[in-house]
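The structure appears below as structure tokens.
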Amino acid sequence: MKRVFCFVCIALSLAAYLGAQQQLSEEIAYKIKNEAFANSKMEETAQWFTDFLGPRLASSKNGLRAEELVKEKFAAMGLSNARREFAVNFSKGGWNNEKTYLAMTEPYYTVFTGTPRAWTGSTPGLVKGEAVYVNIQNEADIDKYRGKLGGKIVVMPETQTYQISFEPLASRLTDEDLKQLDADPRGGAIGARNRQMMNFNMSPYLLRDQIAKLMADEKPLAVLNGSGTFNVPMSNGAQYTAGDPEPTPEINIPIEDHGRLVRLIRKDIPVALELDIRNTFSPEDTVVYNVIAEIPGADPKLKSEIVMIGAHLDSWHGGTGGADNASGCMVMTEAMRIIKAIGVAPRRTIRIALWGCEEQGLYGSRGYAQNLLYNRTEKKKLPDYEKFTLYLNMDNGSGRFRGIYLEGNDMAVPFFRAWMTPFESLGFTTLSLRNTGSTDHVSFNQLGLPAYQFIQDPLEYRRTYHTLMDTYERLSLGDLQVNAAIVAWFALSAANDNGRIPVKPGALEALQNAPQGNRPPR
């Protein structure tokens, strides 16, 4: 009799789980689509996040300005409790680029396009000097250059080579691509490959630090790195801690200009350069904030549970962070506007979070998780862990959503199968159990929580992100309208469903037993 009773309990529990997923009415789907397409605010939102906000490097003066303006925008939209919320302390502090000029003056004059590496120093006004090629491939090479670099402009070795590509500059995922993503990767070679990738090699970072020490000792006028193609330099940052001496000025120039310098110097043709780089440090700006707001839940029993949508607000300093990741901020902001506009009250609270300092290592979302969900130091769950219902993230450019990566959580599949039907006609057809990273959903997925990143058409993302080209022009507004409608629908679906996607069993135990990584921040 006891066995029969247990079997009935299990059967009832399973039936409740399988029957928990609910699709909202077609009327609500229609209202969301109509608001997203007929009354879209995407174009003005896109211009606001790019042209008006400008570059948003973490803890820079303009980044802090953007946070305040976004908070005000959320409040003006009628969202509740709009705020800048402390995430974590940031050892680099603020850094701001105020002037960049770089030109070759011998053997002839030509201006180069350059982007200073973040958290590097300035020149004392306009300086001129001889360009010297420094080819350091290992520790033994360092001694060859001691006492020879003072007052010179150092040209570092090539790290990229250009190969002509016959692939289109922009592309969309094909049916075959989506079919491959739809296949469960577990148990095959992909898992082995992922494990292999985790064997992180520290030696390049140790050599990098030794080169930085050499430059600090030698005091060249500046260091030039080849980074970026199509005559467009990439943006990145240097290792730095607020209060340390300002590092030697470093400028990224595209591989076309860099290659020209290297070839001339190797032919023993004298090369001279002039440059004027002005960067300022703001060591007092050592806090990372997230910008957060809500649509409160209406169900007395469920309103304390949270459905989150988000993207990272920070960008690199070269462009205006259009595809990376103003596009995600636009979609999440427009999704909240749509939900407010159609007047459907969510049962659970829907929270938007625009994260700070993603580009340097997911600081904003990790800080949120550490402060509110799970304290990794004390290895204990915090009260909001049990209230966490779902997180949806966008950070792969402005391409259309074609599906979602479910991070190996089989238990999420029936929920998304039930929810996705009204948007299959817009190309949202794929539920992939693959993992993807590395962006802000990882901060929550590592805790076993249901947190997912969308599958997107790549468009021309890999060519333009982290460069001067990452501006409003990189945005596909029609795709972003579709994405905002999908986010609004999924957020409302999760907020009103009787059930919740289960947490991955054993995830916290695995995290507690995992060795601490020592990979440095980006």
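Per-residue ellipticity at 222 nm for the chain, helices alone: DSSP H runs ≥ 4 residues times -39500 (n - 2.57), over residue total, nearest 500 deg cm²/dmol? Before the final figure, lay out the partial values.
On the way: 15 runs with 162 residues, N = 522.
One gets -9500 deg cm²/dmol as the mean residue ellipticity at 222 nm.
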Nearest 10, in degrees from 0 to 90: the angle of helix 26-38 to the longest Cα principal axis of the chain is 30 degrees
The range 45-97 and the range 126-174 have their Cα centres apart by a whole-number Å value of 34 Å
Percent antiparallel among DSSP beta bridges confined to the range 218-359, nearest 5, equals 30 percent
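Find the Rg to Rh ratio for the range 134-186, where Rh is the Kirkwood radius over alpha-carbon pairs and Rg uses the same atoms. Write down the numbers at each step before the final one.
Numbers: Rg = 22.4 Å, Rh = 16.5 Å.
We get a ratio of 1.36 for the range 134-186.
Could you work out the Kirkwood radius for the range 17-120, taking every pair of different alpha carbons, averaging 1/r and inverting it, reported in Å? Walk me through the numbers on the way to the answer.
Working: mean 1/r = 0.0534 Å⁻¹.
Result for the range 17-120 stands at 18.7 Å.
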By the mean-Cβ-within-10 Å protection proxy, highest first, 256-267, 387-398, 458-469, 168-179 rank as 387-398, 458-469, 256-267, 168-179
Once both label points are put 7 Å beyond Cα along the C-beta direction, the N498-A103 separation in nm becomes 7.4 nm
Restricting to lysines and to Cα separations under 25 Å from K303, and discarding same-chain partners fewer than 8 apart, the set is K31, K71, K73, K340, K380, K381, K387, K504
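Can you check what the net charge comes to around Q21, using other residues whose Cβ is under 14 Å from the Cβ of Q21 (Lys, Arg +1; Asp, Glu -1)? Mind dumping the intermediate values first?
Working: positive: R417, R500; negative: D410, D497.
Net local charge, Q21 excluded: 0.
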Each label sits 7 Å from Cα toward the beta-carbon; between K128 and T280 the label points are separated, in nm, by 2.9 nm
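Could you work out what % of the accessible surface of the chain is carbon and sulfur, using a 1.4 angstrom probe and leaving DNA, RNA and ligands out of the count? Write down the numbers at each step before the final one.
Values: 12440 of 23380 Å².
Carbon and sulfur atoms account for 53 percent of the accessible area of the chain.
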accessible surface per residue for the chain, probe 1.4 Å, DNA/RNA/ligands not counted, whole Å² -> 45 Å²
Percent of all Cα-Cα pairs per 5 Å bin for the range 395-522, counting from 0 up to the last occupied bin, reads 2, 9, 17, 20, 19, 13, 10, 7, 2, 0
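The values are calculated or read from the model by the stated rules, or taken from the named source; none is laboratory data. Treat the numbers as computed from the prediction; the structure is a model and nothing was measured. Every residue, glycine as well, gets a Cβ built from its backbone with ideal geometry; the counts of neighbours run over all protein chains shown. Each accessible area value is taken on the protein alone, full model and side chains, heavy atoms only, with ligands, DNA and RNA left out. Shrake-Rupley method; radii C 1.70, N 1.55, O 1.52, S 1.80 Å.
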